[in-house]
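*Asks:* Have a look at this one before I ask anything.
The values are calculated or read from the model by the stated rules, or taken from the named source; none is laboratory data. All values derive from a computational prediction rather than experimental measurement. Here the Cβ positions follow ideal geometry from the backbone for every residue, glycine too, while neighbour counts run over all protein chains shown.
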Amino acid sequence: MSTYWQIRRQARRARRAGLQPVVLIDGGLHASAWVLLARLAWRYRSEAAPAVMAGAVLATGGWLHIAYPGWWPLLLALSDLTAFALAVFGGHVRLTQPAERLYAATAALAGGGWLATAMILGPLSSPMLVVLLFGALIFAVPWWGHRRRRARARVRRALAAWPDIARAIGLPGAKIQSARIDLWGWRARVKLASGHTAGDLAARIPAIESALGTYRGAVSVHFTGDDKANWCELRVLDTKPHTEAIPWSGSSARSITEPVNFGWFEDAGPCRVSLSHRHTLLAGAAGSGQSNGLSVLLAALTACDDVVIWAIELSKGTELGPWAPCLNRLASTPDAAAALLADAVTILQARTVHLSAVGHRTWDPAPAMPAVVIVMAEYAELAAKAPAALGDAGLIARHGRAVAVTLIAATQQPAHKALGQDTVRPQMDTRICFRVRERRDVDLILGSGMLHAGWHAHTLNTPGEFLISAPRHTTPKPARAYVVTDEDVARAAARFGPRRPQLDDMSRSALDGWGR
């Protein structure tokens, strides 16, 4: 009788010759049938997980009923403790969503309860088997429907098919070294055969999309951090990032020197905005998401312990009022706004003198020497109601970056009267443009010639979508900002409001010297 490996070699020779191999062993059993079954079981192990888990619970219940029937109170207590830990601390074991933690905790309670009952009655007694069967079916439905589990299954199938895909697209020898799942799809680190580069893989993106069965534009190729010519990252999207609103998951930055996660580009790349030593302009038509974008920046700033936040809002505090516990100063009248900007200029001048005395060029933010960020919720109203204050705003725009006194100006009225006739807009390093009504507003917000260069903000049709022009963002790629809800604002204000940093001693002394 032929050995298994001899059969495999014969089958390969037959396939090369264009024949379908059929090899019989004693009793007429196909030799590769067991191998096929094993491969199918491994390939669909995720789908079969509920059945496997039910079998494991049944076997465990039988063993405990025979060996430790009196220990059911201890098992019940352990299942309750496990369920509590999963519900409260499940985020540390990748159960990021509340629904996932609830599912895991409920499964732990149900499994523990069934095992405890099986220890008393026996796993085969009526109606234990029926209860186990229905329980497995009930818990299997959300398991089979879970997005991340389905994504893992798709990725495994794609990895299994990759050698054939690589040969079909003309890049034999391309190997996937590792893969990981993220929010909208998966990423794979690819090593190409000698003589091939990432450009060769990028040129075959349409063929890869066809082979993987994705939608057009779902695949992209990026260079790896080590800049090796034959290494690259393959990005595959399962769903489009801008289809649904993106909930705010909290700020990862704890210093203004760290970039802020503002949203996601349409290719699922993160949009990070740097606020340190830079002025920022947010503009867009009413309902375009500009106000929410300002909330994203405020949510990030309130989590930083090296920034003092001053704010100006001349519309009765409807937008910035909920952030009041986190604001070191809030001006809601034209006179108060003018005084706030004048004080900022005083701090700017004092810090300039200090840096000159110590021989430094820039002010490095720290908890003891915080940056000062002035948030202007509706810049057009400031220009209309307190035009005399625009001179101080212009001075801050021209000279404030080096001493970490910066502006964040937002407006829903991107008109030439509000933005074009002062010295503030030209100094804005970062410009975030949401949907605008008129084509000419694109050049007004982003800069002259940007509309002709392809920055078509007037075509954005989803709330929260924007184009960003900044030193690290020089191409017109649509992105969508996170959604910060009223509940998110309340939680951030309650958490960070009581521990906001205060002005440094030198800045306070400068204000006191002016009698304020």
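*Asks:* Under the condition of being small (Gly, Ala, Ser), more than 22 Å from residue 327 (Cα to Cα) and assigned to a loop (DSSP other than H, G, I, E, B), which residue from the stretch 390-447 is modelled with the lowest pLDDT?
*Replies:* 420
*Asks:* Just checking: which of the helices (runs of 4 or more DSSP H) contained wholly in the stretch 141-225 hold 1 or more residues that are closer than 26 Å to residue 246 by Cα?
*Replies:* On the way: elements: 147-168, 198-202, 205-212.
Per the criteria, 147-168, 205-212.
*Asks:* What pairs come up if the first residue lies in the stretch 396-408 and is closer than 10 Å to residue 278 by Cβ, the second is among the β-branched types (Val, Ile, Thr) and assigned to a helix (DSSP H, G or I), and their beta carbons are under 7 Å apart, counting only those six or more places apart or on different chains?
*Replies:* 407/396
*Asks:* Picking from 471, 463, which residue would you name as being of a type outside the set (Phe, Trp, Tyr) and crowded, with 16+ Cβ neighbours inside 10 Å?
*Replies:* The conditions single out 463.
*Asks:* Tell me, yes or no, whether the stretch 303-324 has at least one residue that is small (Gly, Ala, Ser), part of a loop (DSSP other than H, G, I, E, B) and modelled with pLDDT of 90 or more.
*Replies:* Yes, the stretch 303-324 has at least one match.
*Asks:* Looking for something surrounded by 15 or more Cβ atoms within 10 Å (Cβ to Cβ), in a loop (DSSP other than H, G, I, E, B) and of a type in the set (Gly, Ala, Ser) - is there at least one such residue anywhere in the stretch 114-123?
*Replies:* The answer is yes, given that some residue of the stretch 114-123 is surrounded by 15 or more Cβ atoms within 10 Å (Cβ to Cβ), in a loop (DSSP other than H, G, I, E, B) and of a type in the set (Gly, Ala, Ser).
*Asks:* Are any residues in the stretch 474-516 over 30 Å from residue 446 (Cβ atoms) and part of a loop (DSSP other than H, G, I, E, B), and if so, which ones?
*Replies:* 500, 501, 502, 503, 504, 514, 515, 516 - these are the residues of the stretch 474-516 that are over 30 Å from residue 446 (Cβ atoms) and part of a loop (DSSP other than H, G, I, E, B).
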